[in-house]
1. Can you tell me which residue within the stretch A:181-211, out of those that are more than 7 Å from chain B (Cβ to nearest Cβ), assigned to a helix (DSSP H, G or I) and over 19 Å from the mean Cα position of the chain (by Cα), is surrounded by the fewest Cβ atoms within 10 Å (Cβ to Cβ)?
2. Could you run through the stretch B:444-463 and say how many residues are assigned to a helix (DSSP H, G or I), surrounded by 13 or more Cβ atoms within 10 Å (Cβ to Cβ) and not aromatic (F, W, Y)?
3. Evaluate the following for B:R30: is it crowded, with 20+ Cβ neighbours inside 10 Å and not in a strand (DSSP E or B)?
4. Could you say whether any residue in the stretch A:212-221 is at the interface with chain B (Cβ under 7 Å from one of its Cβ atoms), crowded, with 17+ Cβ neighbours inside 10 Å and touching a Phe, Trp or Tyr at 6+ places or on another chain (Cβ under 8 Å)?
5. Using the structure shown, decide if B:F301 is facing another protein chain (nearest Cβ under 10 Å), in contact with a His (Cβ under 9 Å, 6 or more places away or on another chain) and surrounded by 22 or more Cβ atoms within 10 Å (Cβ to Cβ).
6. Can you say whether B:G311 is within 48 Å of the chain's Cα centre (by Cα) and in the same structural domain as B:A231 (by the TED database), as far as the supplied structure shows?
7. Identify, please: which residue in the stretch A:546-565 is crowded, with 24+ Cβ neighbours inside 10 Å and touching a Lys or Arg at 6+ places or on another chain (Cβ under 7 Å) and is, among those, nearest to the other protein chains (Cβ to nearest Cβ)?
8. Return the only residue of A:L274, A:L267, A:L222 being among the hydrophobic types (A, V, I, L, M, F, W, C), in contact (Cβ under 8 Å) with a residue 24 or more places away in the chain and touching a Gly at 6+ places or on another chain (Cβ under 8 Å).
Protein chains: 2
Amino acid sequence: MGDPATPPASELAAMTIVDGASLKHPFSDRVPVRSIVCRPDGGAGLAGNRIRAGGWVKTGREQGKGSFAFLEVNDGSCPANLQVIVDAGVEELSTLVQTGTCVSVEGVLKVPPEGAKQKIELRVERVLHVGPTDPAKYPIPKTKLSLEFLRDHVHLRPRTNTISAVARIRNALAFATHSFFQEHGFLYVHTPIITTSDCEGAGEMFQATTLISEAEKLDKELIENPPPTEADVEAARLTVTQRGEIVAQLKASKATRDDISASVAELKVAKENLSRLVERAKLKPGIPKKDGKIDYTQDFFARQAFLTVSGQLQVETYACAVTSVYTFGPTFRAEHSHTSRHLAEFWMVEPEIAFADLQDDMNCAEAYVKYMCGWLLDKCYDDMELMAKLYDKGCIDRLRMVSSTPFERISYTEAVRLLEEAVKGGKEFEKDVEWGIDLASEHERYLTEDIFKKPVIVYNYPKGIKAFYMRLNDDSKTVAAMDILVPKVGELIGGSQREERYEVIQRRIAEMGLPLEPYEWYLDLRRYGTVKHCGFGLGFERMVLFATGIDNIRDVIPFPRYPGRADL
Amino acid sequence: MGDPATPPASELAAMTIVDGASLKHPFSDRVPVRSIVCRPDGGAGLAGNRIRAGGWVKTGREQGKGSFAFLEVNDGSCPANLQVIVDAGVEELSTLVQTGTCVSVEGVLKVPPEGAKQKIELRVERVLHVGPTDPAKYPIPKTKLSLEFLRDHVHLRPRTNTISAVARIRNALAFATHSFFQEHGFLYVHTPIITTSDCEGAGEMFQATTLISEAEKLDKELIENPPPTEADVEAARLTVTQRGEIVAQLKASKATRDDISASVAELKVAKENLSRLVERAKLKPGIPKKDGKIDYTQDFFARQAFLTVSGQLQVETYACAVTSVYTFGPTFRAEHSHTSRHLAEFWMVEPEIAFADLQDDMNCAEAYVKYMCGWLLDKCYDDMELMAKLYDKGCIDRLRMVSSTPFERISYTEAVRLLEEAVKGGKEFEKDVEWGIDLASEHERYLTEDIFKKPVIVYNYPKGIKAFYMRLNDDSKTVAAMDILVPKVGELIGGSQREERYEVIQRRIAEMGLPLEPYEWYLDLRRYGTVKHCGFGLGFERMVLFATGIDNIRDVIPFPRYPGRADL
């Protein structure tokens, strides 16, 4: 264990102590590229330090008639590369310069000659490791490849500038999410992935089952070892009868005890064999059925189970006990959508607050979105600059605007009025606008991008287009729901105050044509110690799209799942 | 929208400004109980402040011949309750005093009379909300109920002292996890839940499918609207022939253009009808099959898909690009284990580090476990006191010991030698000890609890009992694997340095009898820019068991899933 070439830990640590702090990675002897080039002076102040660094070669070129090589090395700790210079005497240069090669090197940091782009470079004295890459076979040899092409290589695409920047931005947004809710006293609750409740009573769901694999196992077993025929069973039954008769005869003829026990033992064996055959004869290939329907009592959970579409209903049980909670986990939709906005597996953030109403809900949601935007400006500025350069010139300004501008708040009725006015003024929408419709993406984006040019919270939606659990307003026509619309993606957040009145929610479930029984536990929250509460859901990938300006949702999740595709 | 009784925000905010900071919840007008009673002075310094508080009554009693009531109110923000006093003139007391009632009240904080347990109490002037509870029907009316009983009421059990304390400890451990890895420069990566790779080549997996629901939909449709018979198809075919003949006749007889087009239109309708019938005649009830096997090309992802058992292989793709990463997400095992240590759905933390070996891996894992223990002592001391009182006297000392004691590190060979010595000394194990066995839980616990009395890291296991991806040591007999064993739960962490050598890992896959094809993407990480790397997995519920001293894993996850059970 341990690299024989590794000097003692103390010696290595001494190499990389700068201003009293260690530069090196806490759990390896390398110095992350970020610790060098992301210093305010670009790393110039580190000149003279001996360090180890490792990463993958972005570009490399031999210079001075092959006497040395320049390598741009990236380790994913930041978008910038470390410039590394290796002399021909130190290592075979032709391998090192190939894009994708992994190198781990030791050397001394130096200030490059006047006029260089870099503020610091590493002069290599020792190459510790080379992981070569054959440029003729490497699937992503070029530095500029389309995002669509990269989707066919999800296992290698994090080595590209774009996908690694997205990974850092996604990571920052995830930690910002936890930090925001923790700072405000919320508890993170793990709601279940496999569920026997259907949150919205709609939406295609994936089934989680062992029935098929069990059936396949049985089918295979029955082919290898066919079930007994009726004749087999009859023969076994006959044997039992005969053995029984023999026992009876022996007993009647007062045979020796030994003879009787021997024949009783044989009878027992025959009976066991018969019952085994009878059991096996019952085995039927395929998925178990009862009364013509699939027999889910045979499934792993003894009932039909699905992958969750939302943790909201379950997390409400915790809000109605510990007040302020949130979930952050994967959710699933088995919809055959082939759009750039839908995934079959995606992550959702769902806070839920007791003793709080729709106004509080909007305040929380607005504060959360602003916090994330501020966090990115603060912690991921270099990655955001890359996004601005490659994908969306306006993305940094958008973060600044959202983090500092109060969101507009208008009722649904007012939103419809504004859209109708726009139509009168000549604006054309594919879907007609009238009170009662579910706003389409084109309407939402028009409100936020054209009319207000900032995030808009639309609240108090018609009850007919919203879920049963949203609190009925006093007008009996609308519910206390709210959506947050933002430029670039439209709906980012959907939330509501929940119906806490037992009689009202019971009536609403019935009105929607839903059965009461599966919701008895949910009704219990209203039966016992009911409380005013509210919450919302944020589609996490939508937030990454909003931040980065990237167009396709498949490029902002590490392993996208959509119809026909689930690589790795 | 908005409670009509709510005074303006400014007035409420002014109520609760103490020492320049607002006591109130950031997104509601209540002051969390924690902000009052968890102050160093127990809240005494807040006397005189007018506040709003809300929560659920733990116990209540009428006093002074029904002239007032004492309520112990808990809002889940901490284990302690707020003592609330309500006069009979303010509200009907008999409802308020029932366990489980939700109350939201406004009043003035006062120092209770000398000799009281509390340092502060709330004298209520106004009751803003009561969510009553019928004690005759409330499923969890008593304060002491067995954990087993509570498992039948997962939607109400967070209202109990134990389950809410577990929720806070679990939350603290989750945020400690993120904080630890973020502080050390790791990126949080969301590995997929639905996967088409099987990490260990073993273990029962859940299938994620839409085949069954699609088949059920089709079956229902075919019953409502039976497919055409052969006679139906024949009749339709005959109509096409006849219509065709009519067209031919009209053309031959030089009929008018109008007549011809009319009959061509009729022919077209007949052809469309025929092709629709032919298509429908092909529909077969049940799950689609091809060559006797289930036709997975018809499934949502066009192939068989499962719920992940580990994100390790996938997260390696990110480590081999951005160096330091971790996952924290749900994982699944469809094993029919009915033990107190297994769940079908559980959460795992899996870091992965490039440019790091087994020694680095152990350092990281040890630092992580210590960090979590220190975090709990720092942030959840009151909850830990509750655990010590109710479940495990030694749990706080255990956290202290683990957070401050260096872990013992011994090779597997040494561990076996120690166990064999113990056997010679008279210790009896159910499973015999010899070099080559997979250590059983009894062996692991003996090492950590009896021999060393502290956490033990066992490393360099026989290759035969470990996975193909673990790095082969120079002895060709062992692999660079390590397990961390801790008192109370045994194995808490399992990790390894990964095999980075292309030829070696290819050979190991073959040796294990696994097919190469599904691992081609994994081999690519070794083909192109390969790098030394390592990682480990921590079973998150195991950590909660270790911390709390609770015995059954079903009590430390909000919604436990196990054979026959998936409530909500």
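The values are calculated or read from the model by the stated rules, or taken from the named source; none is laboratory data. A quick note: this is a predicted structure, and the numbers were derived from the prediction, not measured. Quick reminder, even Gly has a Cβ in these numbers, built from the backbone with ideal geometry, and neighbours come from all protein chains shown. The protein model used for the area step is the full one, side chains on, heavy atoms only, and it has no ligands, DNA or RNA in it. Shrake-Rupley method; radii C 1.70, N 1.55, O 1.52, S 1.80 Å.
1. Restricting to residues being more than 7 Å from chain B (Cβ to nearest Cβ), assigned to a helix (DSSP H, G or I) and over 19 Å from the mean Cα position of the chain (by Cα), the top hit is A:E183.
2. Within the stretch B:444-463, the subset assigned to a helix (DSSP H, G or I) is B:444-451, B:463.
When the remaining residues are screened for being surrounded by 13 or more Cβ atoms within 10 Å (Cβ to Cβ), the result is B:444-449, B:451, B:463.
Subsequent filtering for residues that are not aromatic (F, W, Y) retains B:444-445, B:447-449, B:451, B:463.
Final tally of qualifying residues: 7.
3. Working: crowded, with 20+ Cβ neighbours inside 10 Å: yes; not in a strand (DSSP E or B): yes.
For B:R30, the condition - crowded, with 20+ Cβ neighbours inside 10 Å and not in a strand (DSSP E or B) - is met.
4. no
5. Working: facing another protein chain (nearest Cβ under 10 Å): yes; in contact with a His (Cβ under 9 Å, 6 or more places away or on another chain): no; surrounded by 22 or more Cβ atoms within 10 Å (Cβ to Cβ): yes.
Criteria not met by B:F301.
6. Values: within 48 Å of the chain's Cα centre (by Cα): yes; in the same structural domain as B:A231 (by the TED database): no.
No; evaluated as a whole, the condition is false for this residue.
7. A:V556
8. Details: A:L274 fails: touching a Gly at 6+ places or on another chain (Cβ under 8 Å); A:L222 fails: touching a Gly at 6+ places or on another chain (Cβ under 8 Å).
Every option except A:L267 fails the conditions.
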